[in-house]
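Have a look at the structure below before the remarks.
The values are calculated or read from the model by the stated rules, or taken from the named source; none is laboratory data. Just so it is clear, the structure is predicted and the values come from calculations on it, not from any experiment. For the accessible areas, the whole protein counts, side chains as well, though only heavy atoms, and no ligand, DNA or RNA atoms are used. Shrake-Rupley method; radii C 1.70, N 1.55, O 1.52, S 1.80 Å.
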Amino acid sequence: MRPAGFWRRYAAYSLDALAPLALSVPLLLGTGRRVLADTDVAMQQVQLRLFELMDQAIAGGGDAGDPLAQLAGWSGDPVLHEGVLALVATWLHGLAVAAAVLFALSALWFVGFEASRWQATPGKRLAGLRVTDVAGHRPAPWRLALRFVAGVPSWLMLHLGHALAGWTKDRRALHDYIAGTRVVLAPGAAEAMPRWARRWLWAQGLALAAAFIAVVAGYALLLAEAVGAGLP
């Protein structure tokens, strides 16, 4: 069995991850609309109460020119507190629903395809990979389900569990060790990474670099505007 390299595995995974994400969009449209509607209501409540508190500060002779300085005294206001809690609860609920839908779709995609006769997701199949047990045999479905769930700790550890596939001798990630699986090159697959995989990795790298440059440029523009306005 020839172990698959880290970047080849990542290219396959990042391609596969697009499918559950795309499938989740129509399923989450209703949730997204509700989150936006509830957010609008909560924001209106918070804004209205802030305006009321500012008016009270002006009427009482307070400093209304710096409303942020008043927040410490307003933090105990029950109406404002209720609005902020409603806003937080709305977004936490929306994120929980989105995470549950994505988790379920990803489980069906990865476990279902890896349990098929391909022993690979479409991305792994295109990359010339397959999932086996440590003896090189077709894994049992329960082992593949465990492999998928065992990937959660790697996400919580900032992908350190996934990174194990980059430096361990047999190129196994944490979830492979837990589930007793391996990702190997399929019979007949070339040792070199497929051309599409290299281009796909380069495209992701360029997109990440462009996003970083855009953030830095935006921050520099805001800083220049602040300096031009004479702000400290």
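Can you pull the percent of Cα pairs in the range 88-200 with separation above 18 Å? Show your work: numbers first, answer last.
On the way: 3579 of 6328 pairs.
It works out to 57 percent of all Cα pairs.
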Rounded to whole Hz, the Karplus (6.51, -1.76, 1.60) HN-Hα couplings of the range 23-35, x for glycine and proline: 5, 6, 4, x, 6, 9, 4, x, 5, x, 5, 5, 4
Carbon/sulfur fraction of accessible area - the chain, other protein chains in place, 1.4 Å, %: 71
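Run the numbers for Ser116 and Leu28: contour at 0.36 nm per residue of separation, minus the present Cα-Cα distance, in nm. Don't skip to the end; give the middle numbers.
Working: separation 88, 0.36 × 88 = 31.68 nm, distance 2.79 nm.
Result: 28.9 nm gained on full extension.
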Residue of Ala120, Ala150, Ala210 that the Gaussian network model of the chain assigns the largest fluctuation, springs spanning Cα pairs under 10 Å: Ala210
Helical contribution to [θ] at 222 nm, DSSP H n ≥ 4, -39,500 (n - 2.57), averaged over the chain, rounded to 500: -23000 deg cm²/dmol
Note, ³J(HN,Hα) from phi for the range 137-146, Karplus 6.51, -1.76, 1.60, rounded to Hz, x at Gly and Pro: 8, 5, x, 6, x, 5, 5, 5, 5, 5
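Express the accessible area of the range 123-232 per residue in Å², computed with a 1.4 Å probe while the remaining protein chains stay in the model. Let's see the in-between values first.
Numbers: 7030 Å² over 110 residues.
Using a 1.4 Å probe on heavy atoms only, each residue of the range 123-232 averages 64 Å².
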Surface accessible to a 1.4 Å probe, Ile213 within the full protein complex, Å²: 110
